[in-house]
1. Short version: ³J(HN,Hα) in whole Hz for each residue of region 125-130, in order, from phi by Karplus 6.51 cos²θ - 1.76 cosθ + 1.60 (θ = phi - 60°), x for Gly and Pro, what are they?
2. Rounded if a/c is under 1.5, else prolate if a/b beats b/c, else oblate: with a ≥ b ≥ c from the C-alpha gyration tensor eigenvalues square-rooted, which is region 105-149?
3. In Å², what does the accessible area per residue of the chain work out to with a 1.4 Å probe?
4. With charges only on Cβ, +1 for K and R and -1 for D and E, what is the dipole size of the chain about its Cα centre, in debye, rounded to 20?
5. Report the antiparallel proportion of the DSSP beta bridges in the chain as a percent, rounded to a multiple of 5.
6. How high is the FRET efficiency from Thr144 to Arg72, r the C-beta distance, R0 25 Å, rounded to 0.05?
7. Where does helix 140-149 land angle-wise versus the long Cα axis of the chain, in degrees 0 to 90, nearest 10?
8. Excluding same-chain pairs closer than 8 in sequence, count the lysine pairs in the chain whose Cα atoms lie under 29 Å apart.
Amino acid sequence: MDESVLAPSPRGGSPIRKEIVTYETNHKPGTIVIETDERRLYLVLEDGKAMKYGIGVGRDGFTWSGTHRITRKAEWPGWTPPPQMRKRVPDLPAYMEGGPNNPLGARALYIGSTLYRVHGTSEPWSIGQAVSSGCIRLTNDDVTDLYERVQVGALIVVNH
């Protein structure tokens, strides 16, 4: 099946379909390149191609850029809101078990020693928006696909 024509999940997928695109870059295959202004994540493939995914990004005041490595991957990760977030939103739990209602969704890729992750979401309507506290979100279907393709140690480049 040609992955460029996959339809969104019937349970509410991304309004932005993932697709294989022509992508000229000096980065080697397996590198993740995030273009926050474009609201897209590119996974560099062989032969001048990339898998392009729609993403949600940090809202004003929560944007960032840099180059790191993926240091860990987790399926249905638990979530510990950072102290700064709990200060802004006092009714957040100190910890939330992984599962369908967890804000990190089905999978998470941890970015270096930062507090940020590439993770899933149960709010597919947020894809293409600037709504997070700095993390990069994909639909659960898309983050599961990305998770299977990316190795711990992969380079991640976030451009803003």
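1. With the stated coefficients, region 125-130 comes to 5, 7, 5, x, 10, 9 Hz.
2. Numbers: a/c = 2.28, a/b = 1.07, b/c = 2.13.
Oblate shape, in that a/c is at least 1.5 and b/c is the bigger or equal ratio.
3. Ligands and nucleic acids excluded, the figure is 52 Å² per residue.
4. On the way: 19 positive and 18 negative charges, 110 e Å.
The calculated dipole for the chain is roughly 520 debye.
5. Percentage antiparallel, nearest 5: 75.
6. Here the calculated transfer efficiency is 0.95.
7. Around 60 degrees separate the two axes.
8. Final tally of qualifying lysine pairs is 10.
The values are calculated or read from the model by the stated rules, or taken from the named source; none is laboratory data. Since the model is a prediction, treat every value here as computed from it, not as a measurement. Ideal geometry is used to build each Cβ from the backbone, glycine not excepted, and the neighbour counts take in all protein chains shown. Only protein heavy atoms, including side chains, enter the accessible area calculation; ligands, DNA and RNA are left aside. Shrake-Rupley method; radii C 1.70, N 1.55, O 1.52, S 1.80 Å.
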